[in-house]
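Here the structure is laid out as structure tokens; the discussion comes afterwards.
The values are calculated or read from the model by the stated rules, or taken from the named source; none is laboratory data. The structure displayed is predicted, hence computed values, not measured ones. Cβ placement follows ideal geometry from the backbone for every residue including glycine, while neighbour counts extend to all protein chains displayed.
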Ligand code: HEM
Ligand code: HEM
């Protein structure tokens, strides 16, 4: 498998970034829900959010790298068996997943820096507060963060079900492309369709 994408499949960088981020996002969702119900006397009460914030900032950097990589790469063609509405829905879903991840991370940053304090990322580096001191910033950003997290995880669930349906029911190349496997399709789509 080559590092870069081809018309018939994603390369190992895109595949690696997709699965690394998918696992981390699901883990971050579970960690977020779990840490919110801890009592003040729980030993994880402070460490849970510290880990959540540190992983979140690192994930933000990975997301930026992924967006750059996507834009300097070929986009693999859709399976020819896909109907027009399926292509449009899939592209809109991917766009929404990127947008939701970005917005969720920005909201998380705004909760964590609402009091003007920087975020310490695993004692490696710190990210300074920029926008802070807005009235009720922590609560408002917290509400938005929670809504975005649920929206992202539900949309990702639908997206995963669609991928599994295409693999096991339609037997097309949609999931194989994201596993780095060559699909049967080799002809590039017209530029206008990419
Ligand atoms: C993919 C990335 C992320 C996911 C899936 C995620 C998910 C969640 C979830 C589900 C909660 C619990 C919400 C609730 O019940 O109120 C939460 C809380 C929180 N998250 Fe994230 N989060 C992500 C990224 C971030 C980032 C980047 C930061 C900060 C740099 C952050 C900071 C926080 C904080 C401070 C809370 C506690 C909010 C509160 O106490 O109201 N999160 N997150
Ligand atoms: C939180 C979890 C997930 C997120 C945030 C996510 C996000 C994304 C994004 C943004 C893309 C577009 C890639 C691009 O072209 O730039 C994508 C593609 C894809 N994802 Fe996911 N994904 C997640 C989980 C899953 C799971 C669990 C599966 C399979 C069961 C899956 C299967 C696929 C497939 C097959 C593609 C390629 C679709 C195509 O090119 O037509 N994803 N994913």
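Of everything listed in (1) surrounded by fewer than 14 Cβ atoms within 10 Å (Cβ to Cβ); (2) in contact with a helix residue (DSSP H, G or I) (Cβ under 8 Å, 6 or more places away or on another chain), the single unmet condition for residue 96 is (1). Of all residues in the stretch 107-131, those satisfying the criterion of being near ligand 1 (Cβ under 8 Å from one of its atoms) and either in a helix (DSSP H, G or I) or without any contact (Cβ under 8 Å) to a residue 12 or more places away in the chain (or both) are 107, 108, 109, 111, 112. For beta carbons closer than 7 Å, sequence separation of 6+ or different chains, a first residue in the stretch 26-49 that is without any contact (Cβ under 8 Å) to a residue 60 or more places away in the chain and more than 16 Å from residue 143 (Cα to Cα) and a second that is in a loop (DSSP other than H, G, I, E, B) and within 11 Å of ligand 1 (Cβ to nearest atom), the qualifying pairs are 44/38; 45/38; 48/38. Would you confirm, using the coordinates I've provided, whether residue 157 is within 23 Å of the chain's Cα centre (by Cα), surrounded by 16 or more Cβ atoms within 10 Å (Cβ to Cβ) and without any contact (Cβ under 8 Å) to a residue 40 or more places away in the chain? No; evaluated as a whole, the condition is false for this residue. Exactly one residue out of 135, 107, 163, 149 is at pLDDT 95 or above, farther than 22 Å from residue 56 by Cα and within 18 Å of the chain's Cα centre (by Cα), and it is 163.
Kindly indicate the residue of the stretch 6-45 that is away from ligand 2 (no atom under 14 Å from the Cβ) and surrounded by fewer than 12 Cβ atoms within 10 Å (Cβ to Cβ) and also nearest to the chain's Cα centre (by Cα) among those meeting that condition. Residue satisfying both the conditions and the ranking: 37. If you go through the stretch 39-88 and keep only what is in a loop (DSSP other than H, G, I, E, B) and either within 13 Å of ligand 1 (Cβ to nearest atom) or within 17 Å of residue 9 (Cα to Cα) (or both), you end up with 40, 72, 73, 74, 75, 76, 77, 78, 79, 80, 81, 82.
Just one of the numbered conditions (1) closer than 16 Å to residue 145 by Cα; (2) touching a residue at least 60 places away in the same chain (Cβ under 8 Å); (3) within 14 Å of the chain's Cα centre (by Cα) is not true of residue 53; which one? The number of the failed condition is (3). Set side by side, the residues 135, 162 differ, and just one is away from ligand 1 (no atom under 15 Å from the Cβ) and either under 25 Å from residue 55 (Cβ atoms) or in a helix (DSSP H, G or I) (or both), which is 162.
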